[in-house]
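> Questions regarding the structure given below will be posed in turn.
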Amino acid sequence: MTENPGILLTLFAFLLTIGVLVFIHEMGHYLVGRWCGVKADTFAIGFGKELVGWNDKRGTRWKICALPLGGYVQFAGDMDPASTPGDDWLKLPPEERNQTFQSKSLWQRAAIVFAGPAINFLFAILILAGFALTFGEPYRSPVAFVPAANSAAEQMGIQEGDVFVTFAGRDIETFEEMAQQIAIRPNETVEVEVLRDGQTVDLTGRVGVRYEQDRFGNRYEIGMMGLPFPPRKMREVGFTEAPIVAAKQTGQIVDVIVTTLGQVISGRRSVKDLGGPLKIAQVSGEQFAAGLSSFIFFVALISINLGFINLLPIPMLDGGHLMFYAIEAVRRKPANPMVQEWAFRSGFALVVMFMLVVTFNDLASFGLFRAISG
């Protein structure tokens, strides 16, 4: 029997997750913008009709809007997605013009844009550092025990006592790192390097697959090798080491994101595995129901995903702006305004198409289309 956290709890957890992370992301843009001397006209959480708002002494309008799927900071003079200076900008008095986004140097504009994704990563590192300080760092030696009979590990030739050095091209320091790589590679052929009797041995084989269903009824396809887990030890982490451990864990999570995205692009993983806002809402409720620690860790994961996605070189996203700033740095002048305009329109269309695909996946995973078809 599966559990259901309920629609109200799910909605509350989702709004809390998205609201906090969007606020943090936009606050990164806002704070670095202020540091660079740029005036913010609007700081909005959500889109659409304003539900509540107020003006601060600097003239910034802070508001919460009806559609809570995102947010934005509109800086003075930032009139279009490409942030290109127009006639209205040229007509501004010099004092006002100096407070606009377009008036700033290339590195200042890049810093303002980069600050949003960066603070998402920093927020996640702060959470993971807190977990490391509180609970320690789990550690299992990367040593193989006797593989299960007829398992993928046995067929690959892995033997008891083998020490894993690399797995699918990734360096392995702990058994947890290898287990993570195994889990995201079901049915995939991989190369493994082990240390056996003081000598390096290269092995090749196909990762197995198992299907799991959690207590909420979600079904997952997970890679497996048939290797018993070594005993887990908890290593105490000091205050100064905690950020290093958290940064390393963040890097491992980004590596998983890059790997799974590459699998989707190359066709090794179905596009149906991509989830959208509805899936995030569902998992938000499930993790909130599972306990505060689970929910906070989930928020850290979504923060890392949000930071990573925004750095993709797609116009309309922060990474798209940074891409054009890189072009400007090489050319010593901005890209043609018409090129930027069409690029951002194309980026907008791509983002909309992606949202439609993941929303379709979400509805399909909820069984909506099966219910409609009877």
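> Taking the stretch 91-122, which residues are basic (Lys, Arg) and farther than 16 Å from Gln74 by Cα?
Lys91
Per-residue answers, yes or no, for (1) at pLDDT 90 or above; (2) surrounded by fewer than 17 Cβ atoms within 10 Å (Cβ to Cβ):
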position	(1), (2)
Phe23	yes, yes
Glu26	yes, no
Lys49	yes, yes
Gly53	yes, yes
Arg58	no, yes
Trp62	yes, yes
Leu67	no, yes
Asp78	no, no
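> Quick check on this structure: which one of Ala149, Ala111, Ala118 is small (Gly, Ala, Ser), over 34 Å from the mean Cα position of the chain (by Cα) and surrounded by fewer than 20 Cβ atoms within 10 Å (Cβ to Cβ)?
Ala149
> I'd like to know if the stretch 189-201 contains one or more residues that are without any contact (Cβ under 8 Å) to a residue 40 or more places away in the chain, of a type in the set (S, T, N, Q), in a strand (DSSP E or B) and over 24 Å from Leu261 (Cα atoms).
Taking every residue of the stretch 189-201 in turn, at least one turns out to be without any contact (Cβ under 8 Å) to a residue 40 or more places away in the chain, of a type in the set (S, T, N, Q), in a strand (DSSP E or B) and over 24 Å from Leu261 (Cα atoms).
> Condition test on Leu274, is it under 19 Å from Leu312 (Cβ atoms) and either in contact with a strand residue (DSSP E or B) (Cβ under 8 Å, 6 or more places away or on another chain) or open to solvent by 50 Å² or more (accessible area, probe 1.4 Å) (or both)?
no
> Looking only at the stretch 235-280, count every residue that is over 28 Å from Leu69 (Cα atoms), at pLDDT 80 or above and either in a helix (DSSP H, G or I) or among the hydroxyl-bearing types (Ser, Thr, Tyr) (or both) and tell me the total.
Applying the first criterion (over 28 Å from Leu69 (Cα atoms)) to the stretch 235-280 yields 235-245, 248, 266-268.
Add one more test, that the residue is at pLDDT 80 or above, and what stays is 235-245, 248.
Now restrict to residues that are either in a helix (DSSP H, G or I) or among the hydroxyl-bearing types (Ser, Thr, Tyr) (or both): 240, 242-245, 248.
Residues that pass the stated criteria total 6.
> Could you look through the stretch 157-173, keep only residues that are assigned to a loop (DSSP other than H, G, I, E, B) and open to solvent by 20 Å² or more (accessible area, probe 1.4 Å), and pick out the one that is modelled with the lowest pLDDT?
Result: Glu173.
> Just to be sure I understand, how many residues within the stretch 19-53 are over 18 Å from the mean Cα position of the chain (by Cα), among the aliphatic types (A, V, I, L, M) and in a helix (DSSP H, G or I)?
2
> What pairs come up if the first residue lies in the stretch 312-341 and is under 21 Å from Tyr30 (Cα atoms), the second is among the small types (Gly, Ala, Ser) and open to solvent by 30 Å² or more (accessible area, probe 1.4 Å), and their beta carbons are under 8 Å apart, counting only those six or more places apart or on different chains?
Pro315/Ser346
> Considering every residue within the stretch 206-221, establish whether at least one is modelled with pLDDT of 90 or more and of a type in the set (Val, Ile, Thr). Walk me through how you get there before you give the answer.
Going residue by residue through the stretch 206-221, those that are modelled with pLDDT of 90 or more are 206-208.
Filter once more, keeping what is of a type in the set (Val, Ile, Thr): 207.
Yes: the stretch 206-221 contains one or more residues that are modelled with pLDDT of 90 or more and of a type in the set (Val, Ile, Thr).
> Quick check on this structure: which one of Thr259, Thr240 is open to solvent by less than 30 Å² (accessible area, probe 1.4 Å) and hydroxyl-bearing (Ser, Thr, Tyr)?
Thr259
> Here's another thing I want to ask about it. Considering the stretch 282-298 alone, what residues qualify as being surrounded by fewer than 19 Cβ atoms within 10 Å (Cβ to Cβ) and not aromatic (Phe, Trp, Tyr)?
Ala289, Ala290, Gly291, Leu292, Ser293, Ser294, Ile296
> Select from the stretch 338-349 the residues that are open to solvent by 80 Å² or more (accessible area, probe 1.4 Å) and not basic (Lys, Arg) and write down the one among them that is farthest from Gly319 (Cα to Cα).
Step one: of the stretch 338-349, the residues open to solvent by 80 Å² or more (accessible area, probe 1.4 Å) are 338-339, 342, 345, 348.
Among the residues that remain, those that are also not basic (Lys, Arg) are: 338-339, 342, 348.
Values: Met338: 19, Val339: 17, Trp342: 16, Phe348: 13 Å.
For the stretch 338-349, the residue satisfying everything is Met338.
The values are calculated or read from the model by the stated rules, or taken from the named source; none is laboratory data. Just so you know, these numbers come straight off a predicted model, no measurement behind them. FYI the Cβ positions are ideal-geometry reconstructions off the backbone, even for glycines, and counts take in every protein chain you see. Only protein heavy atoms, including side chains, enter the accessible area calculation; ligands, DNA and RNA are left aside. Shrake-Rupley method; radii C 1.70, N 1.55, O 1.52, S 1.80 Å.
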